[in-house]
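Nothing in this text is a laboratory measurement; each read-out follows from the coordinates by a stated rule. Remember, it's a predicted structure, so these values are computed and weren't measured experimentally. When we count neighbours, we look across all protein chains shown, and the Cβ atoms used for this are built from the backbone with ideal geometry, even at glycine.
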Amino acid sequence: MSEAAMNPSLSPTSTTHVVTHVRKELSADGTHEHIAGVCTQDGTYHTRREVVERIRAGETWMTSAAGYEAEIEPIVYCPQPNCLATPYIRTRPYSTRKDNIENLDPC
Ligand SMILES: [Zn+2]
């Protein structure tokens, strides 16, 4: 069964990937951890850059955890001060719940 068939809200031509976990890495200056990549429902790891490139190619990437869902959007830099990690991804950056991709469990 296709993803569209399982999720009637999606158009038949859209490709949607559901992210359930994230992997973090220490920033270059050692001040914080930021997202290095994500893991999808089937456990596959994808780098941040790959996710951004695939969103730009027309795919939809979203998070789903603890009953919260959010669409992932590309941003240029990690939002932490003076961090030049690029490209970067976010969902709802001010949320303290799991609709903020920063709060997903590690994979
Ligand atoms: Zn950073």
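Per-residue 3J(HN,Hα) values for region 67-75, derived from phi via the Karplus relation 6.51 cos²θ - 1.76 cosθ + 1.60 with θ = phi - 60°, read x, 9, 10, 8, 7, 7, 10, x, 10 Hz in sequence order (x marks Gly and Pro). Once you sort the root eigenvalues of the Cα gyration tensor of region 3-97 as a ≥ b ≥ c, which label holds: rounded (a/c under 1.5), prolate (a/b larger than b/c) or oblate (the other case)? Taking the square roots of the gyration eigenvalues as a ≥ b ≥ c, region 3-97 is prolate. For the peptides 97-106, 41-50, residues were scored by their other Cβ atoms within 10 Å and the scores averaged per peptide; the highest-first order is 97-106, 41-50. Each peptide in 25-32, 85-92 receives the mean, over its residues, of other Cβ atoms within 10 Å, and ordering these scores from highest gives 85-92, 25-32. For region 33-48, putting each phi into the Karplus relation 6.51 cos²θ - 1.76 cosθ + 1.60 with θ = phi - 60° gives couplings of 9, 10, 5, 8, x, 10, 10, 8, 3, 7, x, 6, 8, 10, 6, 3 Hz, in residue order, rounded to whole numbers and with x for Gly and Pro.
Once the Cβ-Cβ distance of Ser14 and Asn82 is raised to the sixth power relative to R0 = 30 Å, the FRET efficiency obtained is 0.25.
The gain in end-to-end length when the Ala66 to Ala36 segment is fully stretched comes to 8.7 nm, 0.36 nm per residue minus the alpha carbon separation. Computed from backbone phi, the HN-Hα couplings of region 53-64 come to 5, 6, 5, 5, 7, x, 7, 9, 10, 9, 9, 8 Hz, rounded to whole numbers (Karplus: 6.51 cos²θ - 1.76 cosθ + 1.60, θ = phi - 60°; Gly and Pro given as x). Gain on full extension, evaluated as 0.36 nm per residue between Glu73 and Ser95 minus their Cα-Cα distance, stands at 6.4 nm. Working ranking of peptides 15-23, 65-73 by packing, defined as the average number of other Cβ atoms within 10 Å per residue, highest first, is 15-23, 65-73. Projecting label points 7 angstrom from Cα along Cα→Cβ for Thr44 and Ala57 puts them 1.0 nm apart.
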